[in-house]
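Structure first, then comments.
No lab work stands behind these numbers, since they all come straight from the coordinates. Worth saying up front: this structure is predicted, and the values here are computed from it rather than measured. Because the Cβ atoms are built from the backbone with ideal geometry, glycine has one as well, and the counts that use them run over all protein chains shown.
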Amino acid sequence: MKKKKYSYEDLLEIVQTLRGVNGCPWDREQTHESLKTCLIEECYEVIEAIDNRDDENLCEELGDVLLQVVMHSQIASEGERFGMDEVIDGISRKLVRRHPHVFGEKKAADAGEVLKNWDEIKRLEKISLNRPEKPGELSGVPKAFPSVIRAQKIQKKAEKTYKFHSTSEENITRIEGLASELKQQAGEMTPHELEKAIGEILFESINLAKNLGVNAENSLTNVTETFINKLESTSI
């Protein structure tokens, strides 16, 4: 099936063939569960390509993410649950529903109002599907998220839902207090107590970043890269 240029339809056919009776043994063995790690890894490789401003690599990595979407859809299709048509139809309908200022009569003066409308439409959608968010519930933020990203989302949701808010000055004071307590008692703490103490400092630091308008995930990533580059440059 060699071509000068392949289309979206060709990709669907290729994956279907790989999963078919005479297809690839590895591809045929894959399940939603076995592909979870692959999907996560491919997403991170997309992010790295973006950070590196490498368009050629970004194009390739986006293709790898698309492959994961097609694979999951093909697996579901084989079980007669849904396929790519349903995936595309679903996201298209969602985009139209949640952009009434573009596809409807509703007005949105700025990006902030767009997000406000989006959240309200999302809330109403869940109610219509008998999946309303429980008042005050924060557990809807997936546990599978990286810890820093999950903490950021929960803190933002807590501020919005519970009016839970602290100032950057309060964050710094609390971090200093927690660090001082850890310094004094670290030698007497159990592993569980140490883990809890470090976690509290990290959580408060992420909250501080939020209040200062800094993305904690990006901040930690950049500092880690600086650390790597510094060590590797001095060891050469």
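If you take the alpha carbon radius of gyration of the chain and divide it by 2.2 N^0.38 Å, what ratio comes out, to two decimals? Let's see the in-between values first.
Numbers: Rg = 23.2 Å, N = 236, 2.2 N^0.38 = 17.5 Å.
So the Cα radius of gyration is 1.32 times the expected 2.2 N^0.38 Å.
Within 10 Å of each residue's Cβ, count the other Cβ atoms and sort Arg97, Arg19 from fewest upward. Don't skip to the answer; put the middle values down first.
Values: Arg97 15, Arg19 18.
Listed from fewest to most nearby Cβ atoms, that is Arg97, Arg19.
What helices does the chain have that are whole DSSP H segments, at least 24 Å long along their own axis by Cα, and with mean Kyte-Doolittle hydropathy of 1.6 or more? Write down the numbers at each step before the final one.
Values: long enough: 55-78 (34 Å, 0.08); 111-128 (26 Å, -0.73); 168-185 (25 Å, -0.96); 191-211 (30 Å, -0.17); 216-235 (29 Å, -0.46).
Long hydrophobic helices here: none detected.
Stretch Ser166-Val21 to full length: gain in nm at 0.36 nm per residue minus the Cα-Cα span?
On the way: separation 145, 0.36 × 145 = 52.20 nm, distance 5.91 nm.
Between Ser166 and Val21, full extension yields an extra 46.3 nm.
Taking the Cα centre of each part, how many Å lie between the range 25-75 and the range 196-217?
30
Quick one: give the max-minus-min coordinate of the C-alpha atoms of the range 8-87 along each principal axis, largest first, in Å.
Its Cα atoms span 40, 25, 25 Å along the three principal axes.
How would Met1, Met189 line up from fewest to most surrounding beta-carbon atoms within 10 angstrom?
Lowest to highest Cβ neighbour count: Met1, Met189.
Among Trp118, Trp26, which comes first, then next, by fewest other beta-carbon atoms within 10 Å?
Numbers: Trp118 15, Trp26 8.
Fewest to most other Cβ atoms nearby, the residues stand as Trp26, Trp118.
Residues with beta-carbon under 15 Å from that of Gln152, excluding Gln152: net charge, scoring Lys, Arg +1 and Asp, Glu -1? Write down the numbers at each step before the final one.
Details: positive: Lys143, Arg150, Lys153, Lys156, Lys157, Lys160, Lys210; negative: Glu159, Glu204, Glu217.
That works out to +4.
Could you work out the pair-distance distribution P(r) of the range 1-138 from its alpha-carbon pairs, with 10 angstrom bin width and percents rounded to whole numbers?
So the P(r) values, bin by bin, are 10, 26, 31, 25, 8, 1.
For the chain, what's the relative contact order in percent, using C-alpha pairs closer than 8 Å and at least 6 residues apart? Mind showing how you got there, number by number?
Working: 115 pairs, mean separation 24.2, N = 236.
Over the chain, the number comes to 10 percent.
Which lysines, on any chain, are close to Lys183 with Cα under 22 Å apart, when same-chain ones fewer than 8 places away are left out?
Lys196
Over all directions, what mean area does the Cα convex hull of the range 142-236 project, stated in square nanometres? Don't skip to the end; give the middle numbers.
Numbers: hull surface 33.4 nm².
That works out to 8.4 nm², a quarter of the Cα hull's surface.
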